[in-house]
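What follows is a set of notes on a single structure, which appears directly below.
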Amino acid sequence: MFGESSVADDYGADLNRWMQTQGRFHQSVASIARCDIKALESTVRLRSAIKRAAKDSAMNPWVHKAALPRPRSTRKGGNPKPSLSAYADRASVASLRKLGEEALIGQADYKPVEFFERGLHVADSVGRINSAIGKSGTGFLVGEGILMTNHHVIGSPEEGGISALTMNLEENIFGAVKPQEEFKLNPDAFFYTDAELDVTLVATSKRSARGTEVTTFGYLPLIRAEGKILRGWNVNIIQHPNEGNKVVSFRNGVLVEIEGPQGQDEYCYYTADTGKGSSGSPVFNDSWEVVALHHHALPKLDAEGHVLDRQGTRITPAEALADPSRVDWVANEGTRVSRIVAAFETADLPMPFATVRDELLKLWGK
């Protein structure tokens, strides 16, 4: 099932946005089932993905010919297709679309063992957030001692000052249980929030209550470049649902739709298992790059915008709040990382926050 997030006070604006996108979402679901790349992606987005795949393949042998799967014809014994580099450098519209179509139709389920090693590595940077006023969510380190989560999880420096990040909340079947490490948040050192994009970045303490340095847990860089994922490609989410231990929604969902045209495409929509408390989780592609910041789940709406339960009956927001399990959740929404970075670059920040921002952008390769 999909995530059973609570209906927030400002959920009306989110539902209005979802109302405009829901039709395209269901059309894209059908196109993905048909492997109809022509209905899913533009040539521009395909070209960006292919160029990025070719670059990643050359720089990182782990990517295993990058994010694009092996074309179906090669698995059937046909002639191999030209290399990704050849497509990236000299692709025509027809060949780009053909490659994309074959990638979707022939998507392979197998992955190199390094896929899991990389997943374990990036999971180290994800933790659970709790505040003294009862809020909880998920967050992840995006720099040395800089945490990212949702604005609706930490919406102000005051909320940040009474919140903490707990790392190593994991189940261990083999070996010693990892010690939990709690880091206080330090909004005086750095704080940035954007309510519209539902994102907050805040500094953590340098050391945990046990004296462990926050740098022990690494960080996940935010990549502004597009082409990290296309409609129909798998997504993976590392999260702390229901205030519990860290879990992963592993290749059980796909990117389905993007909010709107260029300039109005801050949000993306995908299928994956989440839960209350998953807000602020990193959404990854199969190369374990962060492609979105998880926002919340979205319900099925009727033609007039009313929320529907699992029997197709209208229910009020108050009823949904009282019992989220009644809601027919059909999609998850996340803020695209490329749009977060673009807004962060131009944000008017005071000193010394502006210096911290510049250091983060350099760390991310900007």
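Bear in mind these aren't lab numbers, they're just calculated from the coordinates by the rules spelled out. Note that this is a predicted model, so its numbers are computed, not measured. Methodologically, a virtual Cβ is constructed for each residue, glycine included, from the backbone with ideal geometry; neighbour enumeration extends over all protein chains shown.
Each of Gln311, Leu293, Asn245 was placed along the dipole of region 245-330 (beta-carbon charges, centred on the mean Cα), and the one lying farthest toward the positive end is Asn245. Checking every one of the chymotrypsin sites (Phe, Trp or Tyr not before Pro) in region 150-202 against DSSP loop status and a limit of 14 other Cβ atoms within 10 Å picks out Phe174.
For region 286-359, the set of GluC sites (Glu not before Pro) satisfying both a DSSP loop assignment and a count of at most 15 other C-beta atoms within 10 Å is given as Glu304. Here each label is just a point 7 Å from Cα along the line to Cβ, and for Lys206 and Asn245 those points are 3.3 nm apart. Per the Cα gyration tensor, region 189-346 maps to an equivalent ellipsoid with semi-axes of 29, 20, 16 Å, ordered largest to smallest. Around the Cα centre of region 127-221, unit charges on the Cβ atoms of Lys, Arg, Asp and Glu (plus for the first two, minus for the last two) sum to a dipole of about 340 debye. Between Ala33 and Met19, the modelled label-to-label distance comes to 2.6 nm, taking each label 7 Å out from Cα in the direction of the beta carbon.
Pairs from the list Lys51/Lys206; Lys246/Lys300; Lys206/Lys362; Lys51/Lys276 with a Cα-Cα gap above 30 Å: Lys51/Lys206; Lys51/Lys276.
To the nearest 20 debye, what is the magnitude of the charge dipole of region 281-342 about its Cα centre, counting +1 on the Cβ of each Lys and Arg and -1 on the Cβ of each Asp and Glu? Computed about the Cα centre, the dipole is about 100 debye. Under the criterion of Cα pairs below 8 Å and six or more residues apart, the relative contact order for region 127-221 equals 32 percent. The eigenvalues of the Cα gyration tensor, multiplied by 5 and square-rooted, give region 127-221 an equivalent ellipsoid with semi-axes of 22, 14, 13 Å from largest to smallest.
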